[in-house]
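Shown next, in structure tokens, is the structure this report addresses.
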Amino acid sequence: MPTIRDVASRAKVSTATVSHVMNGTRPVAEATRARVYAAMKDLQFQPSGFARGLRQQTLKTIGLILGDFSDPFYSQIFQGVEAVAKNHGFAVMIASSDEDPENEYAGMQLMIQKGLNGARLRPHE
């Protein structure tokens, strides 16, 4: 998978210039911009959301741990959460606890390790 460094090398510019082209943070000469886009296309470069998240200290991902995926109630909750998250540019990581508190804890720990912006356990009955 090509990196921003690969794009910069191919376009004969700095990684900062590639970043400015991708993010529109500073003016870049049209000829330079064209070289960067050509390099991105040639290399089939796809920006890494993970790398961007690390730099911005936000992964724009929230976690949701549900009790039982086969229960239509939980399916509706997930669909609602996903719709709202998507409208705000977030992704949703989902896990099933199978109604087991130990699984809930393990899922929450995994989500914390992945650096999610937020996670919500289902309420206990």
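Listing for the model above:
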read-out: Highest average packing first - 62-68, 3-9, Cβ atoms within 10 Å; value: 62-68, 3-9
read-out: Region 58-98, accessible surface, carbon-and-sulfur percent (1.4 angstrom probe); value: 59 percent
read-out: Candidate lysines for bridging to K86, where Cα separation is under 17 Å - those fewer than 8 sequence places away on the same chain excluded; value: K60
read-out: Solvent-accessible heavy-atom area per residue, rounded to whole Å², over region 1-116 at 1.4 Å; value: 67 Å²
read-out: Karplus (6.51, -1.76, 1.60) ³J(HN,Hα), θ = phi - 60°, over region 76-87, in Hz, Gly and Pro reported as x; value: 5, 4, 4, 4, x, 4, 5, 4, 5, 4, 4, 5
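The values are calculated or read from the model by the stated rules, or taken from the named source; none is laboratory data. Please read these numbers as outputs of a predicted model, since none were measured by experiment. In this analysis, Cβ positions are derived from the backbone assuming ideal geometry, glycine residues included, and neighbour counts consider all displayed protein chains. Surface accessibility is based on the protein's heavy atoms, side chains included, excluding ligands, DNA and RNA. Shrake-Rupley method; radii C 1.70, N 1.55, O 1.52, S 1.80 Å.
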